[in-house]
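The values are calculated or read from the model by the stated rules, or taken from the named source; none is laboratory data. Small disclaimer: the values here were computed from a predicted structure and weren't measured. Don't worry about glycine lacking a Cβ; one is built from the backbone with ideal geometry, like all the others, and counts go over all protein chains shown.
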Amino acid sequence: MNDTLHHRGPDGEGLELFQHPLAVVGLAHRRLSIIDLSEGGKQPKQYKHFTITFNGEIYNYKEIKKELTTLGHQFDSHSDTEVILHSYEEWGAKSVDKFIGMFAFAIYDASRNELFCCRDRAGVKPFFYSLQNDVFLFASELKALLQHPAFDKKINTDAISSFLQFGYVPHPHCIYQQTSKLSPGHHLTLNLTNKEMVIKQYWNVYDYYNKPKLSIDFNEAITQTEALLISACQYRMVSDVPVGIFLSGGYDSSTVTALLQSHSSTKLKTFTIGFSDDGINEAHHAKAVAQHLGTDHYEYDCTEKEALDIVPTLPYYYDEPFADSSAIPTTLVSKMARQQVTVAISADAGDEVFAGYNRYEYLQKFGGKIKAMPGFARKAMAGLMSSIDADSIPILRNKYLFHSRYEKVKQLLLESDDRKMNLAMSRQFTEKDVTRLLKKTFTTLSSAFDSKELRPENYDVISSIMAIDYQTYLADDIMQKVDRATMTHSLEGREPFLDHRVIEWAAQLPTSFKYHEGTTKYILKEIAHRYIPKSIMERPKMGFEIPINAWLEKDLRPLVDEYLSYDFMEKQQIFNTQHVLDLKADFYNGKKEKAEKIWYLLMFQLWHEQWMK
C-alpha cells in the first residue's frame with residue numbers, strides 16, 4: 001500500500017506495526033521532506049502511547065510549540081509532526097482548532113485503543129477510508145486501498161451518477177462501495193474495542209456566513225483584508241526547502257505574488273505554462289506581472305503533443321473518475337516547477353472566497369429575470385436552443401467557453417429558484433440525462449449542494465452560492481486537481497486563500513465588498529491595484545481552458561471511438577449503448593456543445609479501463 005504512494009513522498013518511508021489483543025494496527029508513511037529534514041521528521045512518529053502518520057503542514061507550529069513548552073512539554077525534533085502529537089495529548093480533538101494549515105492525519109492512541117483521524121477545514125489534503133471485512137483502511141489516494149486483499153472494489157452506481165453530473169464524486173461519497181472520503185472540517189474516531197466509528201464536524205463555513213455582516217468602512221476592510229492575506233501568504237513560506245509560486249497573470253495568483261514579493265528581500269521564483277494557441281495563452285500576461293514585481297520568472301511553452309500525452313496518464317493519478325480538463329495544464333506547470341523547487345504556492349479559492357466566478361454575476365444579473373418568465377416561455381426557449389447548434393451562431397461561437405455555456409443556459413432556463421439554477425450551472429448531465437445514460441437505476445447522493453444551513457436573514461444569492469461552492473466544487477474538484485497534479489511530481493502545493501482565517505473574515509464582509517456594481521472580486525482587485533497597475537491587470541477572465549472540442553474531433557478521436565464503441569460498452573454493461581452512440585454522433589455532426597459530455601464519458605471509461613479491467 002505504501003509503495004503505491006511513492007510519488008507523494010520519494011524522500012523516505014516508514015512503517016510501524018502494533019499487535020493489540022483486539023486488533024493489529026499498521027501505520028505507514030511516504031516522506032516528502034519539507035520541514036525538519038533530519039531523522040526527527042521521519043514518520044510514523046511515536047510519542048509516549050501516541051503514533052501518528054501525517055500528510056500536510058501546520059504552518060503555525062512554532063507558536064503552538066512555544067505554548068506547549070510553557071505547559072511543560074519537551075520536544076526532540078523541529079518538526080510540525082511532533083507538535084501535533086503533543087497538542088493531541090494536551091487538548092485532545094480540540095487541538096485541531098489551533099492549527100493553521102492543511103492536513104490529513106491519523107493518530108493511534110494505544111492507551112485508549114482508538115484511532116483518531118482528521119482532515120483540514122477546506123479539504124486541501126485528501127483522506128479516503130474504507131471499513132469492510134473487519135478491516136479499516138485509509139490513505140491519501142484510493143490506489144493504496146486497492147492493494148489490500150480485504151478491499152472489495154465494487155463500483156457504486158450512485159457515484160457514477162454524481163460523477164456524470166459534476167465531473168467528480170462529491171464527499172463523503174466514493175466511486176467504490178463501502179468506501180468514503182472524510183469530509184473537510186471533520187474528524188473520525190474509531191474505537192478498536194467495540195468497532196464503533198464516530199464522525200464529527202469541527203468546523204463549518206456556514207458558522208461565518210451566518211454571523212452578522214461587519215459594520216466596517218470599505219477602506220478599513222481593504223486594510224484588514226490585505227493584512228490577513230499577507231499573514232496567510234507568509235505562513236506558507238515556512239519551509240526548509242525552496243518555495244515557488246504558480247503565476248497565471250490573473251488577479252488571484254498576481255495578488256499572492258505581489259504580497260509575497262513586496263515583503264521579501266530576495267527574488268521569488270514564479271512559474272507559468274504557455275500554449276501555442278493565443279486564445280488560451282496567458283503566459284504574456286504572467287510575464288508582464290512578473291516583470292513589474294521583479295520575480296525570477298520561469299516560463300515553459302507547452303506543445304499540444306505534451307498536453308495530449310498527459311490525457312492517458314490522468315486515470316492513474318486521479319484514481320477516482322475526474323473530468324476537470326484543467327488538470328492537464330496544472331500537471332504541466334507542476335512538472336516544470338519541480339525542477340526548481342519542492343513547494344509551490346497556488347492561488348486557488350480566490351473565486352470562492354471573494355466572488356470571482358462569472359456565474360455569480362449571471363445569477364445576480366439575470367436569475368431574477370429568468371424566474372420572472374412564464375414556465376412555458378422558458379421551456380420553449382430551451383427547446384429552441386436545443387434545435388440550434390451552438391457552433392452555427394456567428395460571433396458568439398468564437399467567445400471564451402461559449403459552447404459549454406450554451407449547454408448550461410438550456411438547463412438554467414428550466415429551473416425556477418436560485419439553488420436549482422446554481423445546480424444547473426454546476427453540472428454537465430442532468431439527473432434525467434443520467435437516467436437515460438445508465439443501465440442501472442440509481443439514487444441521488446446527498447451532498448453539500450443540498451445544504452440549507454444559510455439562515456434566511458443572511459441570505460443573498462451570491463453568499464448562498466459561494467458557501468455551496470466552498471464545500472463542493474472547491475473541495476472535490478479544485479483541491480483534488482491540485483493535490484494530484486502537484487503530488488504526481490512530488491511537489492507540495494500550498495494555498496494561502498484557503499487559510500481558514502481568510503474565509504472566516506471574508507464571509508462576514510458585506511457582499512457588496514466582493515461583488516460591486518458588476519465587478520467581481522472587488523476588494524481583492526483593489527488590493528492588487530496597490531501593487532500592480534490596472535493597465536496590466538484588467539482584461540477578461542480566462543482560466544486554464546483546454547481546446548476539448550478540437551482534441552476530441554482529431555487527436556483523441558481514436559480513444560473516443562475505442563472506449564465509446566458499441567463493443568466496449570456492451571461488454572462493460574454500464575451505459576445504455578445506443579444513447580451514448582447517439583450523443584457521440586451529435587458531437588461528430590457539429591454539435592460542439594456536446595464536447596464536455598463526451599469528455600466526461602471518456603474520462604470515466606479511461607478510469608474504468610485503468611482500475612476495473
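The single condition from (1) of a type in the set (S, T, N, Q); (2) free of Cβ contacts under 8 Å to residues at least 40 places away in the same chain; (3) within 25 Å of TRP203 (Cβ to Cβ) that SER130 fails is (2). The number of residues in segment 26-35 being crowded, with 17+ Cβ neighbours inside 10 Å and farther than 18 Å from HIS489 by Cα comes to 3. Answer with yes or no whether GLN46 is modelled with pLDDT of 95 or more, out of contact with any Phe, Trp or Tyr (no Cβ under 7 Å at 6 or more places or on another chain), among the polar types (S, T, N, Q) and part of a strand (DSSP E or B). Criteria met by GLN46. Residue check: is ALA159 in the same structural domain as THR179 (by TED's automatic domain parsing), farther than 15 Å from LEU188 by Cβ and buried (at least 21 other Cβ atoms within 10 Å of the Cβ)? Taking the combined requirement at face value, the residue satisfies it.
Residues of segment 563-595 that are closer than 30 Å to ALA144 by Cα and surrounded by 15 or more Cβ atoms within 10 Å (Cβ to Cβ): TYR563, LEU564, PHE568, MET569, GLN572, ILE574, PHE575. Selection of segment 168-203 for residues being under 17 Å from the mean Cα position of the chain (by Cα) and not aliphatic (A, V, I, L, M) yields TYR168, PRO170, HIS171, PRO172, HIS173, CYS174, SER180, LYS181, SER183, PRO184, GLY185, HIS186. Considering segment 149-171, and only residues there that are among the hydrophobic types (A, V, I, L, M, F, W, C) and free of Cβ contacts under 8 Å to residues at least 60 places away in the same chain, the residue that is nearest to ALA448 (Cα to Cα) turns out to be PHE151. Considering segment 64-119, and only residues there that are in contact with a Leu (Cβ under 8 Å, 6 or more places away or on another chain) and acidic (Asp, Glu), the residue that is surrounded by the most Cβ atoms within 10 Å (Cβ to Cβ) turns out to be ASP109. Restricting the search to helices (runs of 4 or more DSSP H) fully inside segment 396-490 and requiring at least 2 residues that are more than 22 Å from the chain's Cα centre (by Cα) and at pLDDT 95 or above gives 431-437. Checking LEU509, LEU524 one by one, the residue that is in the same structural domain as GLU306 (by TED's automatic domain parsing) and either in a loop (DSSP other than H, G, I, E, B) or of a type in the set (Ser, Thr, Tyr) (or both) is LEU509 and no other.
Just one of (1) under 23 Å from ARG501 (Cβ atoms); (2) part of a strand (DSSP E or B); (3) modelled with pLDDT under 95 fails for ILE35. It is (2).
Go through segment 288-319 and give me each residue that's in a loop (DSSP other than H, G, I, E, B), surrounded by 15 or more Cβ atoms within 10 Å (Cβ to Cβ) and of a type outside the set (Phe, Trp, Tyr). If the condition is that a residue be in a loop (DSSP other than H, G, I, E, B), surrounded by 15 or more Cβ atoms within 10 Å (Cβ to Cβ) and of a type outside the set (Phe, Trp, Tyr), then THR295, ASP319 are the ones that fit. Residues in segment 414-423 that are crowded, with 19+ Cβ neighbours inside 10 Å and of a type in the set (A, V, I, L, M): MET421, LEU423. Look at (1) touching a Ser or Thr at 6+ places or on another chain (Cβ under 7 Å); (2) surrounded by 16 or more Cβ atoms within 10 Å (Cβ to Cβ) and you find that LYS371 fails only one, number (2). Considering segment 320-393, the qualifying helices (runs of 4 or more DSSP H), each wholly inside and each with 1 or more residues that are among the hydrophobic types (A, V, I, L, M, F, W, C), at pLDDT 75 or above and within 28 Å of the chain's Cα centre (by Cα), run over 327-338, 350-354, 358-372.
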